[in-house]
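Working notes, beginning with the structure itself.
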Amino acid sequence: MKIAMVADLHGNLPAVEALDRDLARRGIKHIYCLGDMIGKGPSSADTMDWALSKCEIILQGNWDGGIGFKEFPADEFYYNQLGEKRMKILRELPKEHVMTLSGRKTRLIHGRPSMPRPIPIHDDRSELEPYFLPDFEVLGYADVHTQGVRIVNHRGTLFNTGSVGNAIGSTYVQYCIVEAGGVREDPLDITMVSLPYDNARAAEDARLAGEKGLVNWDLFIREVLTGHYARK
């Protein structure tokens, strides 16, 4: 079984379109979204609709929940763009998914709200070990917008998908492909994918949306053009 694990689309439609083309080119049929379809960028309705139409599993990320439950008044742009039907879906998304990959019990989460803060994949193992409890051997997550794979001693395999629409440390689309069998004797392959997209178009989309009320559009532009985190 081959699964594309994607996350943090963040309303970046040019990035999602590049992702969609790459998935089609590779012939990948199984797609899981580990959260944050929306927010930050200008095209949240479009990126959420893409995920709803393409993904078998969609988890609730911190932006999905924050916007869905209207936790921040400044996010009115997103409320108006998404509409109540999508907002209801956001509120009802699960926060984790448990499955077996090559005979190994696997936990998938976004990061926040399951984690109290974004925890980079190379943080001290004591920060990450609790998320393997009680008996998970593989943990996949997103949230920190930087992809990678790591063995957490005495626990198992940890991977981060990176971000499709708002990568940090890169200006590319990031996602990963997991290939697994049904029994423990089968290999478990995790491939990190990085591909270019039309960053200039994404920046222009954000600029135009800023004129219509998108908050922090200038920070989003800086991030998609440079890969540097712009928020304090």
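The values are calculated or read from the model by the stated rules, or taken from the named source; none is laboratory data. Source: prediction; values computed, not measured. Here the Cβ is made from the backbone with ideal geometry for all residues, glycine too, and neighbour counts use every protein chain on show. Note: accessible area is taken over every heavy atom of the protein model, side chains too, but ligands, DNA and RNA are not part of it. Shrake-Rupley method; radii C 1.70, N 1.55, O 1.52, S 1.80 Å.
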Kindly list the number of the only condition in (1) more than 20 Å from MET48 (Cα to Cα); (2) aromatic (Phe, Trp, Tyr); (3) in contact with a helix residue (DSSP H, G or I) (Cβ under 9 Å, 6 or more places away or on another chain) that fails for PHE159. (3)
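Can you work out which of the residues in region 158-198 that are of a type in the set (Phe, Trp, Tyr) and open to solvent by 10 Å² or more (accessible area, probe 1.4 Å) is nearest to the chain's Cα centre (by Cα)?
Only one residue tops the list, namely TYR172.
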All but one of (1) of a type in the set (Ser, Thr, Tyr); (2) free of Cβ contacts under 8 Å to residues at least 12 places away in the same chain; (3) in contact with a Leu (Cβ under 8 Å, 6 or more places away or on another chain) hold for SER126, so report the exception by its number. (3)
Checking the condition touching a Cys at 6+ places or on another chain (Cβ under 9 Å), hydrophobic (A, V, I, L, M, F, W, C), crowded, with 21+ Cβ neighbours inside 10 Å and in contact (Cβ under 8 Å) with a residue 40 or more places away in the chain, which residue from LEU13, LEU9 passes? LEU9
Kindly list the number of the only condition in (1) surrounded by fewer than 23 Cβ atoms within 10 Å (Cβ to Cβ); (2) at negative phi; (3) modelled with pLDDT of 95 or more that fails for SER102. (2)
Every pair of residues 6+ apart whose Cβ atoms lie under 7 Å, when the first sits in region 193-204 and is more than 13 Å from GLY162 (Cβ to Cβ) and without any contact (Cβ under 8 Å) to a residue 40 or more places away in the chain while the second is open to solvent by less than 60 Å² (accessible area, probe 1.4 Å) and outside any strand (DSSP E or B): ALA203/ILE221; ALA203/VAL224
